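This report refers to the structure that appears directly beneath it.
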Amino acid sequence: MINTEKLSFALGMVASFVLVFLVCLFAHLYRKKKGKPTNNYDERQKAIKGVAYKYSFFTVIAYYIANGLFCKLFGDWLDTMSMNFVGICLGVVVFAGYSIIKDAYVSLSGNLSRYIIVFLVVSAINFACFFGNIITKGDDETFFMNLVCGVTFLIVSVIAIMKIIIDKKAEKREIEE
């Protein structure tokens, strides 16, 4: 017998991933058609992104090892999907944070401020979904991933805002000297 609630959740997840993929694909094709560069990274930025991927990978591996040991000793602290999503989001934070700090997250033609706005909007939407579900007394485990995603994008936004502030102060000091 098929659990229709779980099947609906799984189909919703798949549909969400397909939708995001299609939006990104159409945005990429639109920019390419207009002749706008999509990835203008120099060699330094590409090397830094490689290091960021490495740190992100080892962070995810360390999380899964620690999580596996914790679950073996004390039992599951979340459902399987949510625990896996936490690991993925940790990797995203490490990659994005390292790349932003080292000036390799945005291409040479990009603007970090635009990304911050998108990140804050995504974070706000995810927080609204999570807290809206709590207010309506829904299933907390299903919407826990919204909380994790909201926190992830909020952390990345804070790192980017701090980087912009630090860069502006450094630029101001250079002008004064």
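How large is the accessible surface per residue of region 67-177, computed with a 1.4 Å probe and reported in Å² as a whole number?
Ligands and nucleic acids excluded, the figure is 62 Å² per residue.
Filter the chymotrypsin sites (Phe, Trp or Tyr not before Pro) in region 23-102 to those in DSSP coil with at most 11 other Cβ atoms within 10 Å of their Cβ, and list the result.
TRP77
State the label only: which of (1) 18.8; (2) 18.3; (3) 16.8 corresponds to Kirkwood radius over Cα pairs in Å computed from the shown model?
It is the value labelled (1).
Given the options ALA128, ALA52, ALA27, state which has the largest fluctuation in a GNM of the chain using a 10 Å cut-off (strictly under) for Cα springs.
Comparing ALA128, ALA52, ALA27 in a Gaussian network model of the chain, the most mobile one is ALA27.
Given the rule -39500 (n - 2.57) for each run of at least 4 DSSP H residues, summed and divided by the residues of the chain, what is its mean residue ellipticity at 222 nm, to the nearest 500 deg cm²/dmol?
-29500 deg cm²/dmol
Given a Förster distance of 35 Å, report the FRET efficiency between ILE135 and ARG44 from their Cβ-Cβ distance, rounded to the nearest 0.05.
Values: r = 47 Å, r/R0 = 1.35.
So the FRET efficiency works out to roughly 0.15.
Please give the charge dipole size of region 16-124, origin at the Cα centre, charges +1 on K and R Cβ atoms and -1 on D and E Cβ atoms. Round to the nearest 20 debye.
The dipole magnitude comes to about 600 debye.
So if R0 is 41 Å, what FRET efficiency would LYS34 and THR4 give, r being the distance between their Cβ atoms, rounded to the nearest 0.05?
Taking R0 as 41 Å, the efficiency between LYS34 and THR4 is 0.40.
In region 149-170, which residues have a backbone nitrogen under 18 Å from the label point lying 7 Å from LEU112's Cα in the Cα-to-Cβ direction?
Residues 153-170 fall inside that zone.
What FRET efficiency comes out for the pair ALA66/LEU25, r = Cβ-Cβ distance, R0 = 30 Å, nearest 0.05?
Here the calculated transfer efficiency is 0.25.
The values are calculated or read from the model by the stated rules, or taken from the named source; none is laboratory data. Keep in mind the model is a prediction, meaning the values are calculated, not measured. Cβ coordinates were reconstructed from backbone atoms using ideal geometry, including for glycine residues, and neighbour counts include every protein chain displayed. When the accessible area is computed, the model is the full protein with side chains, heavy atoms only, and any ligands, DNA or RNA have been set aside. Shrake-Rupley method; radii C 1.70, N 1.55, O 1.52, S 1.80 Å.
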